[in-house]
Amino acid sequence: MSSLVRNVGTIGGLTAISRVFGFVRDMLLSRVLGAGLAADAWQLAFTLPNTFRRLFAEGAFSVAFVPMYSRALHGEEGEEGADRFAGDVLSVFVWVLLGFSAICMIAMPGIVWLLAREYQDVPGKFELSVWLSRMTFPYLALVSLVAMLSGVLNARSRFAPGAFAPVFLNIVMIAGIVVGWYLRGADGSDTVVAWALAVSLTVSGGVQLLYMWWSARRAGVRLHVSRPRFTPEVKRLGLLILPATFGAGIYQVSQLVDTFFATSLPQGSLTLLKLADRLNQMPLGIFGIALGTAILPMLARHIQQGDKGEAQRLQANAVEVGTLLTLPAAAALAICAPAFVTAFFVGGKMTPADGAIMADIVIALVCGLPAYVLVKVFQPAFFSREDTRTPVFVAAGSLAINVALNFYVVPRYGIVGLAAATAFTATLNVLTLYTLLQMRGWFHLTGRLAGRIVRQVVASALMAAFLWWLMPRLADRYGGNVVERVWSLGLLVVSGMAVFFAAAFALGALDKDLLAQLRRRRPAQAVNLSE
(Lines give C-alpha, C1' and ligand atoms only; values in the text may rest on other atoms or scores of the structure.)
Protein backbone atom coordinates (compact mmCIF):
# COMPACT_ATOMS: atom_id res chain seq x y z
CA MET A 1 0.00 0.00 0.00
CA SER A 2 2.80 2.42 0.90
CA SER A 3 4.48 2.06 -2.50
CA LEU A 4 1.17 2.54 -4.30
CA VAL A 5 0.34 5.68 -2.28
CA ARG A 6 3.88 6.98 -2.72
CA ASN A 7 3.82 6.44 -6.49
CA VAL A 8 0.31 7.87 -6.82
CA GLY A 9 1.45 10.86 -4.78
CA THR A 10 4.46 11.42 -7.04
CA ILE A 11 2.50 11.09 -10.27
CA GLY A 12 -0.53 12.95 -8.95
CA GLY A 13 1.54 15.81 -7.54
CA LEU A 14 3.45 16.39 -10.77
CA THR A 15 0.30 15.93 -12.84
CA ALA A 16 -1.38 18.54 -10.62
CA ILE A 17 1.38 21.01 -11.53
CA SER A 18 0.75 20.28 -15.20
CA ARG A 19 -3.00 20.70 -14.72
CA VAL A 20 -2.47 24.09 -13.07
CA PHE A 21 -0.51 25.26 -16.11
CA GLY A 22 -3.19 23.71 -18.32
CA PHE A 23 -5.83 25.64 -16.45
CA VAL A 24 -3.94 28.88 -16.97
CA ARG A 25 -3.74 27.98 -20.67
CA ASP A 26 -7.50 27.42 -20.90
CA MET A 27 -8.34 30.56 -18.91
CA LEU A 28 -6.31 32.61 -21.39
CA LEU A 29 -7.79 30.72 -24.33
CA SER A 30 -11.39 31.30 -23.28
CA ARG A 31 -10.85 35.02 -22.91
CA VAL A 32 -8.82 35.46 -26.11
CA LEU A 33 -10.94 33.27 -28.44
CA GLY A 34 -14.28 32.88 -26.64
CA ALA A 35 -16.65 30.32 -28.20
CA GLY A 36 -16.65 31.34 -31.87
CA LEU A 37 -15.51 30.07 -35.28
CA ALA A 38 -11.76 30.05 -34.66
CA ALA A 39 -12.23 28.52 -31.19
CA ASP A 40 -14.28 25.61 -32.57
CA ALA A 41 -11.77 25.02 -35.38
CA TRP A 42 -8.92 24.99 -32.88
CA GLN A 43 -10.69 22.63 -30.51
CA LEU A 44 -11.21 20.14 -33.33
CA ALA A 45 -7.57 20.43 -34.41
CA PHE A 46 -6.47 19.93 -30.80
CA THR A 47 -8.84 17.02 -30.22
CA LEU A 48 -7.68 14.85 -33.13
CA PRO A 49 -3.99 14.23 -32.24
CA ASN A 50 -4.73 14.16 -28.52
CA THR A 51 -7.47 11.56 -28.91
CA PHE A 52 -5.21 9.32 -30.97
CA ARG A 53 -2.43 9.92 -28.42
CA ARG A 54 -4.58 8.75 -25.52
CA LEU A 55 -6.09 5.92 -27.53
CA PHE A 56 -2.91 4.43 -29.00
CA ALA A 57 0.19 5.77 -27.28
CA GLU A 58 -0.97 6.21 -23.68
CA GLY A 59 -3.77 3.65 -23.95
CA ALA A 60 -3.32 0.53 -26.06
CA PHE A 61 0.45 0.78 -26.49
CA SER A 62 1.24 1.44 -22.83
CA VAL A 63 -1.00 -1.28 -21.40
CA ALA A 64 0.52 -3.83 -23.78
CA PHE A 65 4.12 -2.61 -23.71
CA VAL A 66 4.66 -2.02 -19.97
CA PRO A 67 3.92 -5.60 -18.80
CA MET A 68 6.12 -7.06 -21.57
CA TYR A 69 8.97 -4.66 -20.84
CA SER A 70 8.60 -5.28 -17.10
CA ARG A 71 8.78 -9.04 -17.67
CA ALA A 72 11.94 -8.63 -19.77
CA LEU A 73 13.44 -6.29 -17.19
CA HIS A 74 12.99 -8.87 -14.42
CA GLY A 75 13.94 -11.80 -16.64
CA GLU A 76 17.23 -13.57 -17.12
CA GLU A 77 18.81 -10.91 -19.35
CA GLY A 78 17.71 -8.02 -17.11
CA GLU A 79 18.23 -4.46 -18.32
CA GLU A 80 20.16 -5.53 -21.42
CA GLY A 81 17.33 -7.74 -22.66
CA ALA A 82 14.69 -5.15 -21.76
CA ASP A 83 16.52 -2.38 -23.61
CA ARG A 84 16.99 -4.62 -26.64
CA PHE A 85 13.25 -5.34 -26.69
CA ALA A 86 12.44 -1.63 -26.31
CA GLY A 87 14.90 -0.76 -29.08
CA ASP A 88 13.27 -3.27 -31.44
CA VAL A 89 9.86 -1.80 -30.64
CA LEU A 90 11.13 1.76 -31.12
CA SER A 91 12.65 0.91 -34.51
CA VAL A 92 9.26 -0.33 -35.75
CA PHE A 93 7.16 2.20 -33.85
CA VAL A 94 8.90 5.22 -35.42
CA TRP A 95 8.02 4.16 -38.96
CA VAL A 96 4.46 3.24 -38.03
CA LEU A 97 3.96 6.68 -36.49
CA LEU A 98 5.46 8.52 -39.44
CA GLY A 99 3.36 6.56 -41.92
CA PHE A 100 0.14 6.96 -39.94
CA SER A 101 0.71 10.69 -39.46
CA ALA A 102 1.45 11.23 -43.16
CA ILE A 103 -1.68 9.35 -44.24
CA CYS A 104 -3.87 11.28 -41.80
CA MET A 105 -2.47 14.65 -42.88
CA ILE A 106 -3.19 13.82 -46.54
CA ALA A 107 -6.66 12.53 -45.69
CA MET A 108 -7.45 15.38 -43.27
CA PRO A 109 -10.27 16.93 -45.35
CA GLY A 110 -12.09 13.59 -45.22
CA ILE A 111 -11.43 13.15 -41.48
CA VAL A 112 -12.74 16.63 -40.68
CA TRP A 113 -15.76 16.03 -42.94
CA LEU A 114 -16.58 12.82 -41.05
CA LEU A 115 -16.39 14.54 -37.66
CA ALA A 116 -17.65 18.04 -38.50
CA ARG A 117 -19.39 18.12 -41.84
CA GLU A 118 -21.69 20.90 -40.58
CA TYR A 119 -18.66 23.19 -40.47
CA GLN A 120 -19.05 23.48 -44.25
CA ASP A 121 -22.15 25.58 -43.63
CA VAL A 122 -20.06 28.33 -42.01
CA PRO A 123 -17.79 30.18 -44.50
CA GLY A 124 -14.12 29.46 -43.81
CA LYS A 125 -14.69 27.22 -40.77
CA PHE A 126 -14.17 23.88 -42.52
CA GLU A 127 -11.04 24.99 -44.35
CA LEU A 128 -9.51 26.48 -41.20
CA SER A 129 -10.22 23.24 -39.30
CA VAL A 130 -8.46 21.18 -41.98
CA TRP A 131 -5.31 23.29 -42.06
CA LEU A 132 -5.07 23.62 -38.29
CA SER A 133 -5.49 19.84 -37.94
CA ARG A 134 -2.70 19.23 -40.45
CA MET A 135 -0.47 21.58 -38.51
CA THR A 136 -1.15 19.87 -35.17
CA PHE A 137 -1.04 16.23 -36.29
CA PRO A 138 2.78 15.81 -36.17
CA TYR A 139 2.36 16.25 -32.42
CA LEU A 140 0.89 12.73 -32.35
CA ALA A 141 4.12 11.08 -33.54
CA LEU A 142 6.28 13.12 -31.17
CA VAL A 143 4.16 12.59 -28.08
CA SER A 144 3.71 8.87 -28.87
CA LEU A 145 7.47 8.46 -28.57
CA VAL A 146 7.22 10.40 -25.30
CA ALA A 147 4.63 7.87 -24.08
CA MET A 148 6.92 4.96 -24.96
CA LEU A 149 9.85 6.44 -23.05
CA SER A 150 7.51 7.14 -20.16
CA GLY A 151 6.45 3.48 -20.16
CA VAL A 152 10.08 2.38 -20.04
CA LEU A 153 10.76 4.61 -17.03
CA ASN A 154 7.48 3.63 -15.31
CA ALA A 155 8.47 -0.05 -15.52
CA ARG A 156 11.66 0.94 -13.68
CA SER A 157 9.53 2.72 -11.03
CA ARG A 158 10.66 6.14 -12.27
CA PHE A 159 7.31 7.89 -12.59
CA ALA A 160 8.33 11.54 -12.22
CA PRO A 161 9.63 12.35 -15.75
CA GLY A 162 6.52 11.06 -17.52
CA ALA A 163 4.25 12.93 -15.12
CA PHE A 164 6.25 16.16 -15.50
CA ALA A 165 6.56 16.16 -19.32
CA PRO A 166 3.07 17.68 -19.94
CA VAL A 167 4.18 20.79 -18.05
CA PHE A 168 6.27 21.65 -21.12
CA LEU A 169 3.17 21.24 -23.32
CA ASN A 170 1.24 23.82 -21.35
CA ILE A 171 4.12 26.27 -20.99
CA VAL A 172 4.79 26.27 -24.75
CA MET A 173 1.07 26.60 -25.53
CA ILE A 174 0.67 29.50 -23.10
CA ALA A 175 3.50 31.18 -24.98
CA GLY A 176 1.64 30.42 -28.23
CA ILE A 177 -1.53 32.12 -26.98
CA VAL A 178 0.41 35.19 -25.88
CA VAL A 179 2.25 35.41 -29.21
CA GLY A 180 -1.00 34.94 -31.15
CA TRP A 181 -2.77 37.59 -29.08
CA TYR A 182 0.13 40.02 -29.68
CA LEU A 183 0.21 39.38 -33.43
CA ARG A 184 -3.57 39.69 -33.71
CA GLY A 185 -3.66 43.14 -32.21
CA ALA A 186 -6.80 44.94 -31.12
CA ASP A 187 -8.83 44.47 -34.31
CA GLY A 188 -7.18 41.42 -35.88
CA SER A 189 -8.67 38.05 -36.76
CA ASP A 190 -8.95 35.25 -34.21
CA THR A 191 -7.47 32.87 -36.79
CA VAL A 192 -4.04 34.36 -36.02
CA VAL A 193 -4.32 33.04 -32.45
CA ALA A 194 -5.52 29.66 -33.71
CA TRP A 195 -2.51 29.34 -36.04
CA ALA A 196 -0.11 30.30 -33.24
CA LEU A 197 -1.68 27.62 -31.04
CA ALA A 198 -1.33 24.96 -33.74
CA VAL A 199 2.36 25.72 -34.22
CA SER A 200 2.99 25.77 -30.47
CA LEU A 201 1.37 22.34 -30.01
CA THR A 202 3.77 20.67 -32.45
CA VAL A 203 6.75 22.52 -30.96
CA SER A 204 5.73 21.32 -27.50
CA GLY A 205 5.87 17.70 -28.71
CA GLY A 206 9.50 18.17 -29.71
CA VAL A 207 10.34 19.75 -26.36
CA GLN A 208 8.71 16.88 -24.44
CA LEU A 209 10.55 14.26 -26.52
CA LEU A 210 13.92 15.88 -25.86
CA TYR A 211 13.19 15.99 -22.13
CA MET A 212 12.09 12.34 -21.96
CA TRP A 213 15.07 11.14 -24.00
CA TRP A 214 17.38 12.99 -21.62
CA SER A 215 15.56 11.49 -18.60
CA ALA A 216 15.86 7.98 -20.04
CA ARG A 217 19.58 8.42 -20.61
CA ARG A 218 19.99 9.64 -17.05
CA ALA A 219 18.19 6.51 -15.82
CA GLY A 220 20.66 4.30 -17.67
CA VAL A 221 18.31 3.34 -20.50
CA ARG A 222 20.12 2.81 -23.79
CA LEU A 223 17.81 2.68 -26.79
CA HIS A 224 18.93 2.61 -30.41
CA VAL A 225 16.92 3.05 -33.58
CA SER A 226 18.00 0.45 -36.13
CA ARG A 227 16.58 -1.34 -39.15
CA PRO A 228 13.03 -2.45 -38.29
CA ARG A 229 12.89 -6.11 -37.22
CA PHE A 230 9.65 -7.92 -36.50
CA THR A 231 10.94 -10.15 -33.71
CA PRO A 232 8.56 -12.59 -31.98
CA GLU A 233 8.25 -10.14 -29.07
CA VAL A 234 7.41 -7.24 -31.40
CA LYS A 235 4.81 -9.36 -33.18
CA ARG A 236 3.30 -10.37 -29.85
CA LEU A 237 3.14 -6.72 -28.81
CA GLY A 238 1.33 -5.89 -32.05
CA LEU A 239 -1.23 -8.65 -31.45
CA LEU A 240 -1.87 -7.30 -27.94
CA ILE A 241 -2.14 -3.69 -29.11
CA LEU A 242 -4.89 -4.32 -31.67
CA PRO A 243 -7.64 -5.32 -29.21
CA ALA A 244 -6.26 -3.10 -26.46
CA THR A 245 -6.70 -0.10 -28.77
CA PHE A 246 -10.42 -0.37 -28.24
CA GLY A 247 -10.44 -1.82 -24.74
CA ALA A 248 -8.22 0.88 -23.24
CA GLY A 249 -9.74 3.69 -25.23
CA ILE A 250 -13.47 3.76 -24.59
CA TYR A 251 -13.20 7.23 -23.10
CA GLN A 252 -11.18 8.46 -26.09
CA VAL A 253 -13.48 6.83 -28.64
CA SER A 254 -16.38 8.43 -26.81
CA GLN A 255 -14.60 11.76 -27.16
CA LEU A 256 -14.63 11.39 -30.96
CA VAL A 257 -18.28 10.40 -30.84
CA ASP A 258 -19.04 13.42 -28.65
CA THR A 259 -17.08 15.64 -31.05
CA PHE A 260 -19.17 14.39 -33.97
CA PHE A 261 -22.44 15.21 -32.20
CA ALA A 262 -21.17 18.51 -30.72
CA THR A 263 -20.22 19.87 -34.14
CA SER A 264 -23.84 19.39 -35.25
CA LEU A 265 -25.03 21.82 -32.57
CA PRO A 266 -24.89 25.66 -32.63
CA GLN A 267 -21.50 27.32 -33.06
CA GLY A 268 -19.45 27.32 -29.89
CA SER A 269 -20.90 24.04 -28.58
CA LEU A 270 -17.67 22.09 -29.17
CA THR A 271 -15.60 24.75 -27.42
CA LEU A 272 -17.93 24.85 -24.40
CA LEU A 273 -17.86 21.04 -24.15
CA LYS A 274 -14.06 20.86 -24.29
CA LEU A 275 -13.54 23.67 -21.78
CA ALA A 276 -16.11 22.13 -19.41
CA ASP A 277 -14.29 18.84 -19.71
CA ARG A 278 -11.14 20.56 -18.47
CA LEU A 279 -12.77 20.94 -15.03
CA ASN A 280 -13.75 17.28 -15.17
CA GLN A 281 -10.26 16.33 -16.33
CA MET A 282 -8.60 18.09 -13.40
CA PRO A 283 -9.37 15.37 -10.82
CA LEU A 284 -9.53 12.68 -13.51
CA GLY A 285 -6.09 13.55 -14.80
CA ILE A 286 -4.54 13.79 -11.36
CA PHE A 287 -6.16 10.76 -9.71
CA GLY A 288 -7.17 8.48 -12.57
CA ILE A 289 -3.99 8.66 -14.61
CA ALA A 290 -1.87 8.46 -11.46
CA LEU A 291 -3.65 5.34 -10.19
CA GLY A 292 -3.67 3.63 -13.58
CA THR A 293 -0.01 4.40 -14.22
CA ALA A 294 1.13 3.27 -10.78
CA ILE A 295 -0.96 0.12 -10.52
CA LEU A 296 -0.19 -1.53 -13.90
CA PRO A 297 3.51 -2.46 -13.41
CA MET A 298 2.93 -3.34 -9.73
CA LEU A 299 -0.07 -5.53 -10.52
CA ALA A 300 1.77 -7.21 -13.39
CA ARG A 301 4.65 -8.04 -11.04
CA HIS A 302 2.35 -9.67 -8.44
CA ILE A 303 0.52 -11.68 -11.08
CA GLN A 304 3.76 -12.88 -12.69
CA GLN A 305 4.88 -14.06 -9.25
CA GLY A 306 1.58 -15.89 -8.72
CA ASP A 307 0.74 -13.84 -5.62
CA LYS A 308 -3.06 -13.54 -5.89
CA GLY A 309 -3.40 -12.19 -2.36
CA GLU A 310 -1.14 -9.22 -3.05
CA ALA A 311 -2.89 -8.57 -6.36
CA GLN A 312 -6.28 -8.45 -4.59
CA ARG A 313 -4.88 -6.23 -1.84
CA LEU A 314 -3.33 -3.82 -4.36
CA GLN A 315 -6.55 -3.62 -6.34
CA ALA A 316 -8.63 -3.00 -3.21
CA ASN A 317 -6.27 -0.29 -2.02
CA ALA A 318 -6.44 1.40 -5.42
CA VAL A 319 -10.26 1.34 -5.35
CA GLU A 320 -10.30 2.90 -1.87
CA VAL A 321 -7.87 5.63 -2.85
CA GLY A 322 -9.82 6.27 -6.07
CA THR A 323 -13.20 6.67 -4.36
CA LEU A 324 -11.73 8.67 -1.49
CA LEU A 325 -10.42 11.22 -3.97
CA THR A 326 -13.17 11.27 -6.60
CA LEU A 327 -16.44 11.05 -4.67
CA PRO A 328 -15.97 14.39 -2.85
CA ALA A 329 -14.43 15.94 -5.98
CA ALA A 330 -17.47 14.98 -8.06
CA ALA A 331 -19.90 16.23 -5.43
CA ALA A 332 -18.07 19.54 -5.01
CA LEU A 333 -17.80 20.17 -8.77
CA ALA A 334 -21.49 19.37 -9.28
CA ILE A 335 -22.56 21.91 -6.64
CA CYS A 336 -19.94 24.58 -7.37
CA ALA A 337 -19.80 24.35 -11.17
CA PRO A 338 -21.35 27.83 -11.73
CA ALA A 339 -18.81 29.40 -9.39
CA PHE A 340 -15.78 27.70 -10.95
CA VAL A 341 -16.88 28.39 -14.52
CA THR A 342 -17.62 32.06 -13.81
CA ALA A 343 -14.36 32.63 -11.94
CA PHE A 344 -12.09 30.76 -14.36
CA PHE A 345 -13.56 31.16 -17.82
CA VAL A 346 -16.07 34.03 -18.08
CA GLY A 347 -14.51 37.28 -19.28
CA GLY A 348 -13.12 38.80 -22.46
CA LYS A 349 -14.82 37.04 -25.40
CA MET A 350 -16.45 34.40 -23.14
CA THR A 351 -19.91 35.69 -22.22
CA PRO A 352 -21.93 34.92 -19.04
CA ALA A 353 -24.50 33.11 -21.21
CA ASP A 354 -21.77 30.81 -22.51
CA GLY A 355 -20.62 30.29 -18.93
CA ALA A 356 -24.10 29.21 -17.80
CA ILE A 357 -24.21 26.52 -20.51
CA MET A 358 -20.71 25.40 -19.61
CA ALA A 359 -21.67 25.01 -15.94
CA ASP A 360 -24.54 22.70 -16.87
CA ILE A 361 -22.15 20.63 -18.99
CA VAL A 362 -19.75 20.32 -16.04
CA ILE A 363 -22.55 19.07 -13.76
CA ALA A 364 -23.49 16.38 -16.28
CA LEU A 365 -19.88 15.29 -16.87
CA VAL A 366 -18.84 14.94 -13.22
CA CYS A 367 -21.68 12.51 -12.54
CA GLY A 368 -19.40 9.98 -14.22
CA LEU A 369 -16.15 11.11 -12.57
CA PRO A 370 -15.82 8.16 -10.13
CA ALA A 371 -16.50 5.77 -13.02
CA TYR A 372 -13.84 7.41 -15.22
CA VAL A 373 -11.25 6.87 -12.49
CA LEU A 374 -12.32 3.35 -11.51
CA VAL A 375 -12.00 2.25 -15.14
CA LYS A 376 -8.32 3.16 -14.81
CA VAL A 377 -8.17 0.91 -11.74
CA PHE A 378 -10.06 -2.09 -13.14
CA GLN A 379 -8.62 -2.29 -16.65
CA PRO A 380 -5.05 -3.05 -15.49
CA ALA A 381 -6.41 -6.24 -13.85
CA PHE A 382 -7.13 -7.49 -17.38
CA PHE A 383 -4.12 -5.98 -19.12
CA SER A 384 -1.61 -7.26 -16.56
CA ARG A 385 -2.88 -10.78 -17.35
CA GLU A 386 -2.48 -10.02 -21.07
CA ASP A 387 -6.25 -10.23 -21.47
CA THR A 388 -7.00 -7.38 -23.85
CA ARG A 389 -9.98 -9.08 -25.46
CA THR A 390 -12.48 -8.80 -22.62
CA PRO A 391 -12.31 -4.99 -22.34
CA VAL A 392 -12.88 -4.87 -26.11
CA PHE A 393 -16.34 -6.40 -25.82
CA VAL A 394 -17.19 -4.31 -22.77
CA ALA A 395 -16.06 -1.15 -24.54
CA ALA A 396 -17.92 -2.06 -27.71
CA GLY A 397 -21.17 -2.50 -25.81
CA SER A 398 -20.74 0.73 -23.88
CA LEU A 399 -19.88 2.68 -27.02
CA ALA A 400 -22.91 1.31 -28.89
CA ILE A 401 -25.18 2.36 -26.02
CA ASN A 402 -23.51 5.78 -25.94
CA VAL A 403 -24.13 6.36 -29.65
CA ALA A 404 -27.77 5.24 -29.35
CA LEU A 405 -28.31 7.54 -26.36
CA ASN A 406 -26.76 10.48 -28.20
CA PHE A 407 -29.17 10.09 -31.12
CA TYR A 408 -32.00 10.39 -28.60
CA VAL A 409 -30.74 13.03 -26.13
CA VAL A 410 -28.78 15.44 -28.35
CA PRO A 411 -31.77 16.66 -30.41
CA ARG A 412 -33.81 17.06 -27.20
CA TYR A 413 -31.30 18.28 -24.59
CA GLY A 414 -28.42 19.58 -26.71
CA ILE A 415 -24.85 19.65 -25.49
CA VAL A 416 -25.82 18.97 -21.84
CA GLY A 417 -27.62 15.78 -22.84
CA LEU A 418 -24.54 14.66 -24.74
CA ALA A 419 -22.38 15.08 -21.62
CA ALA A 420 -24.88 13.18 -19.47
CA ALA A 421 -24.90 10.26 -21.92
CA THR A 422 -21.11 10.05 -21.69
CA ALA A 423 -21.25 9.91 -17.89
CA PHE A 424 -23.94 7.22 -17.94
CA THR A 425 -22.09 4.91 -20.32
CA ALA A 426 -18.83 5.33 -18.40
CA THR A 427 -20.64 4.14 -15.26
CA LEU A 428 -22.09 1.19 -17.17
CA ASN A 429 -18.61 0.35 -18.45
CA VAL A 430 -17.02 0.23 -14.99
CA LEU A 431 -19.87 -1.82 -13.49
CA THR A 432 -19.50 -4.40 -16.25
CA LEU A 433 -15.72 -4.60 -15.76
CA TYR A 434 -16.15 -5.16 -12.02
CA THR A 435 -18.77 -7.87 -12.57
CA LEU A 436 -16.41 -9.76 -14.88
CA LEU A 437 -13.49 -9.40 -12.46
CA GLN A 438 -15.60 -10.84 -9.65
CA MET A 439 -16.90 -13.71 -11.80
CA ARG A 440 -13.34 -14.70 -12.73
CA GLY A 441 -12.09 -14.48 -9.17
CA TRP A 442 -9.58 -11.77 -10.00
CA PHE A 443 -11.04 -9.14 -7.66
CA HIS A 444 -14.01 -8.82 -5.33
CA LEU A 445 -15.46 -6.03 -3.24
CA THR A 446 -15.07 -7.00 0.40
CA GLY A 447 -17.42 -5.98 3.18
CA ARG A 448 -14.73 -3.84 4.75
CA LEU A 449 -14.04 -1.96 1.51
CA ALA A 450 -17.75 -1.56 0.71
CA GLY A 451 -18.39 -0.13 4.19
CA ARG A 452 -15.58 2.36 3.74
CA ILE A 453 -17.00 3.50 0.38
CA VAL A 454 -20.51 3.93 1.84
CA ARG A 455 -19.06 6.15 4.57
CA GLN A 456 -17.24 8.19 1.92
CA VAL A 457 -20.54 8.67 0.09
CA VAL A 458 -22.25 9.92 3.26
CA ALA A 459 -19.37 12.30 4.00
CA SER A 460 -19.50 13.61 0.43
CA ALA A 461 -23.25 14.18 0.73
CA LEU A 462 -22.79 16.19 3.93
CA MET A 463 -20.13 18.30 2.23
CA ALA A 464 -22.41 18.84 -0.78
CA ALA A 465 -25.24 20.03 1.47
CA PHE A 466 -22.93 22.54 3.14
CA LEU A 467 -21.65 23.85 -0.23
CA TRP A 468 -25.22 24.14 -1.51
CA TRP A 469 -25.97 26.38 1.48
CA LEU A 470 -22.78 28.44 1.06
CA MET A 471 -22.81 28.95 -2.73
CA PRO A 472 -25.54 31.63 -3.01
CA ARG A 473 -24.01 33.67 -0.18
CA LEU A 474 -20.90 34.30 -2.29
CA ALA A 475 -22.65 34.66 -5.67
CA ASP A 476 -21.63 38.29 -6.20
CA ARG A 477 -17.93 37.48 -5.76
CA TYR A 478 -17.35 34.75 -8.37
CA GLY A 479 -17.33 37.24 -11.24
CA GLY A 480 -15.67 40.12 -9.39
CA ASN A 481 -12.08 41.26 -9.50
CA VAL A 482 -9.18 38.83 -9.17
CA VAL A 483 -8.99 39.10 -5.38
CA GLU A 484 -12.74 38.47 -4.99
CA ARG A 485 -12.62 35.45 -7.30
CA VAL A 486 -9.64 33.95 -5.50
CA TRP A 487 -10.92 34.33 -1.95
CA SER A 488 -14.48 33.23 -2.76
CA LEU A 489 -13.33 30.06 -4.53
CA GLY A 490 -10.72 29.51 -1.84
CA LEU A 491 -13.42 29.68 0.83
CA LEU A 492 -15.54 27.14 -1.06
CA VAL A 493 -12.62 24.74 -1.48
CA VAL A 494 -11.18 25.01 2.01
CA SER A 495 -14.49 24.90 3.85
CA GLY A 496 -15.73 22.04 1.65
CA MET A 497 -12.61 20.01 2.35
CA ALA A 498 -12.88 20.73 6.06
CA VAL A 499 -16.48 19.52 6.19
CA PHE A 500 -15.71 16.39 4.16
CA PHE A 501 -12.69 15.30 6.16
CA ALA A 502 -14.37 16.09 9.47
CA ALA A 503 -17.40 14.02 8.45
CA ALA A 504 -15.23 11.26 7.01
CA PHE A 505 -13.16 11.07 10.18
CA ALA A 506 -16.26 11.01 12.39
CA LEU A 507 -17.90 8.30 10.26
CA GLY A 508 -14.77 6.16 10.00
CA ALA A 509 -14.43 6.64 6.25
CA LEU A 510 -10.71 7.35 6.51
CA ASP A 511 -8.17 4.63 7.21
CA LYS A 512 -5.59 5.80 9.75
CA ASP A 513 -2.74 3.91 8.08
CA LEU A 514 -3.68 5.45 4.74
CA LEU A 515 -3.67 8.94 6.27
CA ALA A 516 -0.28 8.30 7.81
CA GLN A 517 1.12 7.28 4.42
CA LEU A 518 -0.36 10.31 2.72
CA ARG A 519 1.29 12.56 5.32
CA ARG A 520 4.77 11.03 5.13
CA ARG A 521 7.05 9.54 2.52
CA ARG A 522 8.53 6.61 4.43
CA PRO A 523 6.88 3.20 3.99
CA ALA A 524 4.16 2.03 6.32
CA GLN A 525 2.60 -1.35 6.85
CA ALA A 526 0.28 -2.33 4.01
CA VAL A 527 -3.43 -1.94 4.64
CA ASN A 528 -5.34 -5.14 3.95
CA LEU A 529 -8.76 -4.39 2.48
CA SER A 530 -9.08 -7.86 0.97
CA GLU A 531 -10.22 -9.50 4.20
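The values are calculated or read from the model by the stated rules, or taken from the named source; none is laboratory data. Just so we're clear, the structure is a prediction, and the values are computed from it rather than from any experiment. Here the Cβ is made from the backbone with ideal geometry for all residues, glycine too, and neighbour counts use every protein chain on show.
Listed here are the residues, each with its yes/no results for (1) among the hydrophobic types (A, V, I, L, M, F, W, C); (2) touching a residue at least 40 places away in the same chain (Cβ under 8 Å); (3) closer than 22 Å to THR422 by Cβ.
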{"site": "PHE345", "(1), (2), (3)": "yes, yes, yes"}
{"site": "PRO352", "(1), (2), (3)": "no, yes, no"}
{"site": "VAL362", "(1), (2), (3)": "yes, yes, yes"}
{"site": "PRO370", "(1), (2), (3)": "no, yes, yes"}
{"site": "ALA381", "(1), (2), (3)": "yes, yes, no"}
{"site": "PHE393", "(1), (2), (3)": "yes, no, yes"}
{"site": "ILE401", "(1), (2), (3)": "yes, no, yes"}
{"site": "ALA404", "(1), (2), (3)": "yes, no, yes"}
{"site": "TYR408", "(1), (2), (3)": "no, no, yes"}
_Unmet requirement for ARG158, which otherwise passes all of (1) modelled with pLDDT under 90; (2) among the charged types (D, E, K, R); (3) in a helix (DSSP H, G or I)_ = (3)
*With the condition kept exactly as written, say whether any residue in the range 68-85 is in contact with a Ser or Thr (Cβ under 7 Å, 6 or more places away or on another chain) and either of a type in the set (A, V, I, L, M) or surrounded by 17 or more Cβ atoms within 10 Å (Cβ to Cβ) (or both).*
no
_Tell me the residue from GLY306, GLY322, GLY355 that is buried (at least 23 other Cβ atoms within 10 Å of the Cβ), over 17 Å from LEU492 (Cα atoms) and modelled with pLDDT under 85, please._
GLY322
*When the range 102-147 is examined, which residues are found to be touching a Leu at 6+ places or on another chain (Cβ under 8 Å), more than 26 Å from TRP213 (Cα to Cα) and not in a helix (DSSP H, G or I)?*
VAL122, GLY124
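Would it be correct to say that VAL32 is part of a helix (DSSP H, G or I), in contact with a helix residue (DSSP H, G or I) (Cβ under 7 Å, 6 or more places away or on another chain), farther than 16 Å from MET135 by Cα and modelled with pLDDT under 65?
Working: part of a helix (DSSP H, G or I): yes; in contact with a helix residue (DSSP H, G or I) (Cβ under 7 Å, 6 or more places away or on another chain): yes; farther than 16 Å from MET135 by Cα: yes; modelled with pLDDT under 65: no.
No, not satisfied.
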*Answer yes or no: is there a residue in the range 373-395 that is aliphatic (A, V, I, L, M), surrounded by fewer than 21 Cβ atoms within 10 Å (Cβ to Cβ) and under 30 Å from LEU237 (Cβ atoms).*
yes
*From the list ALA450, ALA404, ALA359, ALA353, pick out the single residue that is within 23 Å of the chain's Cα centre (by Cα) and assigned to a helix (DSSP H, G or I).*
ALA359
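Which one of these is at pLDDT 75 or above, crowded, with 21+ Cβ neighbours inside 10 Å and not charged (D, E, K, R): PHE61, PHE56, PHE65?
Step by step, each of PHE61, PHE56, PHE65 is checked, and only PHE65 is at pLDDT 75 or above, crowded, with 21+ Cβ neighbours inside 10 Å and not charged (D, E, K, R).
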*SER129 passes all but one of (1) modelled with pLDDT of 90 or more; (2) under 30 Å from ALA219 (Cβ atoms); (3) buried (at least 22 other Cβ atoms within 10 Å of the Cβ); which number fails?*
(2)
*Which one is modelled with the lowest pLDDT, of the residues in the range 429-452 that are farther than 23 Å from SER384 by Cβ and of a type outside the set (D, E, K, R)?*
GLY447
_Out of everything in the range 468-490 that is within 25 Å of VAL24 (Cα to Cα) and among the aliphatic types (A, V, I, L, M), what residue ends up being surrounded by the most Cβ atoms within 10 Å (Cβ to Cβ)?_
LEU489
